[in-house]
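First up is the structure itself, then whatever we jot down about it.
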Amino acid sequence: MTWSAKQYTLFEQQRTRPVRDLVAAIPTADVRTAVDLGCGPGNSTEVLAKRFPEAQVIGMDSSDDMLADARKRLPALNFELADIGAWSPAQSFDVILANASLQWLPDHATLYPHLINQLNPSGTLAVQTPDNLDEPAHRLAREVAADGPWSAKIGAVKHNERHTASYYYELLSKHCSAVDVWRTTYQHPLADHAAVVEWFKASALRPFLEPLSSDEKTAFLQAYKARITQAYPALSDGTVLLPFPRLFIIATR
């Protein structure tokens, strides 16, 4: 799948707030090396670098388009093209940040302990993942995909399994000295229902739209918007509050 930095940054302020909350919770004091896995356009890397200004901070992503934006934003930092699933660094880190990236990868039972093993003693793995597969925005995307003339072309879009807070706590407690897990539902104010559609075009809708022609994409998005309008009532001024649950993990080696 291809990523669009331009589309992703349409809602940069709202998307960056969770990573600010995540990075603020990192307990490690003496941070000399830090890496941002799935850095996207560099908004999360910027938060990380501001929190630890003396650290060597690296950003990694699998999208050239995202990395191009990240390098423009933070020309003094090093950004590398890399696949998180195959990541095996030559050095260890004091902080590993993964903001809204690990949900795209399978086998968390193997992945998370592997990431812990790349930390220095007392280092921190800081993770934020969307926890919204049961929210109307996701459910309606699946319904539109199944109901329309494009159903055979899209097929069954499969998401990697999302686990509970207790699952991650038990998994990471075996490898860490401390684990903190919490869930927050953000209420993102968006201008209208069209903005809700634009939000998800950058992420959740990508697997549904990618196999479609231009005309099919337009029709899909029109059908999706009609259902979104019913599921998310607008406020008196037209604003739509988008509830967005997110799971946070701070794991200290």
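Every read-out reported here was derived from the displayed coordinates using simple, explicitly stated rules and does not represent laboratory data. Values in this document were obtained by computation on a predicted structure and should not be read as measured data. Cβ: placed from backbone, ideal geometry, glycine included. Neighbour counts: every protein chain shown.
Skipping prolines and chain starts, which residues have an amide H placed within reach, meaning under 5 Å, of the one on Y186, given they are 5 or more residues away or on another chain?
When sequence neighbours closer than 5 places are left aside, the close amide H contacts are F244, R246.
For region 5-252, how many pairs of lysine residues have a Cα-Cα distance under 15 Å, where the two are 8 or more positions apart or belong to different chains?
Taking region 5-252 as the scope, the lysine pair count is 6.
Picking from S203, P89, I116, whose Cα lies most toward the positive end of the charge dipole for the chain (charges on Cβ: Lys, Arg +1; Asp, Glu -1)?
Farthest towards the positive pole: S203.
Measure off 7 Å from each Cα along the Cα-to-Cβ vector at Y169 and T16, then give the distance between these two points in nanometres to one decimal.
Reported label-point gap for Y169 and T16 is 3.3 nm.
Fewest to most neighbouring Cβ within 10 Å: what's the order for S166, S173, S44, S63? Let's see the in-between values first.
On the way: S166 9, S173 13, S44 28, S63 20.
Ordered from fewest to most neighbouring Cβ atoms within 10 Å, S166, S173, S44, S63 come out as S166, S173, S63, S44.
Could you list which residues have their amide H under 5 Å from that of I58, counting only those 5 or more apart in sequence or on another chain, with H placed in the peptide plane?
Excluding prolines and chain starts, which carry no amide H, the hits are A34, V35, D36.
How much length would be gained if the chain were fully extended between E143 and Q187, taking 0.36 nm per residue of separation minus their Cα-Cα distance, in nm to one decimal?
Result for the pair: 13.5 nm of gain on full extension.
Quick one: angle between helix 64-73 and the longest Cα principal axis of the chain, in degrees between 0 and 90, rounded to 10, please.
Compared with the principal axis, the helix lies near 60 degrees.
So who's got an amide H within less than 5 Å of the one on S122, skipping anything under 5 residues away but keeping other chains? H placed 1.01 Å off N, in plane.
R253
Sort R162, R15, R32 by Cβ crowding within 10 Å, fewest neighbours at the top.
Ascending Cβ contact count within 10 Å gives the list R32, R162, R15.
Within a 10 angstrom radius of the beta carbon, how do T33, T239 rank from fewest other beta carbons to most?
Least to most surrounded, the residues fall as T239, T33.
Charges only on Cβ, +1 for Lys and Arg, -1 for Asp and Glu: so what's the dipole of the chain about the Cα centre, in debye to the nearest 20?
So the magnitude is around 160 debye.
In deg cm²/dmol and to the nearest 500, what is the mean residue ellipticity at 222 nm of the chain if only DSSP H runs of at least 4 residues count, each as -39500 (n - 2.57), divided by the residue total?
Result for the chain, helices only: -11500 deg cm²/dmol.
Please turn the phi angles of region 224-239 into ³J(HN,Hα) values with the Karplus equation 6.51 cos²θ - 1.76 cosθ + 1.60 (θ = phi - 60°), one per residue in order, whole Hz, x for glycine and proline.
Once rounded to whole Hz, the list reads 5, 4, 4, 6, 4, 4, 6, 7, 10, x, 6, 7, 4, 9, x, 5.
Can you grab the distance from the C-alpha centre of region 192-253 to the C-alpha centre of region 83-160, Å, no decimals?
Value for the Cα centre distance between the two parts: 18 Å.
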